[in-house]
């Protein structure tokens, strides 16, 4: 059997995507609070539990760095090395992928600045990050997302853009190009240097890249909104509808992209004086916002309870994982940081059942192993403590020994 299809003990596939991605070994060196760690997850679902600050989220973050992007915390490179360590850090993983076995590593560049991160694929530098993306993908849920609808629009844009980027690698370049042109335009207007040709060129770039980025956001929202009608999500998770609050998106619903670009160029040119006075562009992809609505009740996430918001977000994350599986031909890793918090008992049961039925490898955290006992016959559990993992009894498959897993050790 193909190694990419074998999976781990307990894997059950209930969708048309039968090929899976599996992390078999994780190695950390001077990463966060881990001086050295080798961990070999053996089950489809792994639970990491322990008190706050014990290193649970650090392990999830380490895994998230093995795929392209800035990781689940979006941390700066200088925050990642262990205090008291060498000043460098490294994370490595051994995977079964749709393209065969692969060793993926990342960390501080050997001869570069501490904030420069590099990748290694099977011991060599990949030509680009797309080589990594073809082999590995991950989606995640973090406690920070619990405040997605209490905080500002910028956080919601970043959340949506990360979902888009996972399926459309060029999206990040479009957003970055739009923002770079906008910053230059803002600087020229602030300095009173209103050279028409220069400003027109920057506004043209904002229009072209802004429309392309907005089109990608619209396409992703449409795909996610179609998932509930296909009966993929568990009934306990309400169908969520993503919307864009964005003049560009509104215009694109009525006119072709090229006409919207022309309209955006004209609007930016007409509002130069206003933008100069305000010190910022009033139009652009940086002004977009995301809404989330319970399709059944019509309730907006911004007005819902914390538990309802969490339930809607879990539905979006599960839907997004399914889209990745369809697009890439394998189910991504699911990294869930404190997923049971704010969920009532019935929703926790529904979440655990959805994870059991998923083909994806799941690694999630919590403060109390008792929360995850409904998964005891399907998951392994590990207690985190001061940079060491201890196997928890009562969960299987997985180790039953009470000995710690520490520097250089592992479970075969």
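The values are calculated or read from the model by the stated rules, or taken from the named source; none is laboratory data. Note that the coordinates shown come from a computational prediction; the quantities given were computed from them, not determined experimentally. Using ideal geometry, Cβ is built from the backbone for each residue, glycine included, and neighbour counts are taken over all protein chains shown.
Could you please find all residues in segment 357-368 being within 24 Å of residue 95 (Cα to Cα) and surrounded by fewer than 19 Cβ atoms within 10 Å (Cβ to Cβ)? Across segment 357-368, the qualifying residue is only 357.
Can you tell me how many residues in segment 236-263 are part of a loop (DSSP other than H, G, I, E, B) and over 14 Å from residue 284 (Cβ atoms)? Let's see the steps before the verdict.
Of segment 236-263, the ones part of a loop (DSSP other than H, G, I, E, B) are 236-239, 246, 253-256.
With the extra rule that they be over 14 Å from residue 284 (Cβ atoms), the set shrinks to 236-239, 253-256.
Looking only at that region, the number is 8.
Counting only residues that are over 17 Å from residue 363 (Cα atoms) and either part of a helix (DSSP H, G or I) or under 17 Å from the mean Cα position of the chain (by Cα) (or both), segment 289-314 holds 12 of them. Of the residues that sit in segment 352-382 and are touching a helix residue (DSSP H, G or I) at 6+ places or on another chain (Cβ under 7 Å) and either in a strand (DSSP E or B) or free of Cβ contacts under 8 Å to residues at least 60 places away in the same chain (or both), which one is nearest to residue 26 (Cα to Cα)? Across segment 352-382, the extreme among qualifying residues is 363. Kindly indicate whether any position in segment 108-127 is without any contact (Cβ under 8 Å) to a residue 60 or more places away in the chain, part of a helix (DSSP H, G or I) and touching a strand residue (DSSP E or B) at 6+ places or on another chain (Cβ under 9 Å). Within segment 108-127 (the criterion being without any contact (Cβ under 8 Å) to a residue 60 or more places away in the chain, part of a helix (DSSP H, G or I) and touching a strand residue (DSSP E or B) at 6+ places or on another chain (Cβ under 9 Å)), the answer is no, since none of the residues qualifies.
Of the residues that make up segment 308-317, is at least one surrounded by 23 or more Cβ atoms within 10 Å (Cβ to Cβ), out of contact with any strand residue (DSSP E or B) (no Cβ under 6 Å at 6 or more places or on another chain), closer than 30 Å to residue 206 by Cα and modelled with pLDDT of 90 or more? Within segment 308-317 (the criterion being surrounded by 23 or more Cβ atoms within 10 Å (Cβ to Cβ), out of contact with any strand residue (DSSP E or B) (no Cβ under 6 Å at 6 or more places or on another chain), closer than 30 Å to residue 206 by Cα and modelled with pLDDT of 90 or more), the answer is no, since none of the residues qualifies.
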